Amino acid sequence: MKKIAIGADNYKVNRFKKELTKAGFTDFSISPFTPDVSLISVNVEDDKVNEVNKICQKIELHFKRSN
């Protein structure tokens, strides 16, 4: 089991929650890091780290395209 931390702008947090839950990652917590950034800590199996990476890339592309 590994713990992964994702630093995300506050306006992206709901999207991360939605995508992580949809992919079956329900063991996560969100805490403030700075006034504009939150830290999303996800507990995953060792072989699922790449799946979380793909979710992060997908979300970043989504927001990049929407600008």
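The values are calculated or read from the model by the stated rules, or taken from the named source; none is laboratory data. Being a predicted model, the structure only gives us computed values, none of them experimental. Here the Cβ is made from the backbone with ideal geometry for all residues, glycine too, and neighbour counts use every protein chain on show. For accessibility, only protein heavy atoms count, side chains too; no ligands or nucleic acids. Shrake-Rupley method; radii C 1.70, N 1.55, O 1.52, S 1.80 Å.
Here is a check on your reading of the model: is F25 free of Cβ contacts under 8 Å to residues at least 60 places away in the same chain and in a helix (DSSP H, G or I)? Criteria not met by F25. Residue check: is K17 at pLDDT 95 or above, open to solvent by 60 Å² or more (accessible area, probe 1.4 Å), outside any strand (DSSP E or B) and of a type outside the set (A, V, I, L, M, F, W, C)? Criteria met by K17. Among all residues of region 20-32, there is none that is open to solvent by 50 Å² or more (accessible area, probe 1.4 Å), within 20 Å of L61 (Cα to Cα) and in contact with a Phe, Trp or Tyr (Cβ under 8 Å, 6 or more places away or on another chain).
Of the candidates K12, K54, the single residue that is open to solvent by 50 Å² or more (accessible area, probe 1.4 Å) and modelled with pLDDT of 95 or more is K54.
F63 fulfils the conditions (1) open to solvent by less than 70 Å² (accessible area, probe 1.4 Å); (2) at pLDDT 95 or above except for a single criterion, (2).
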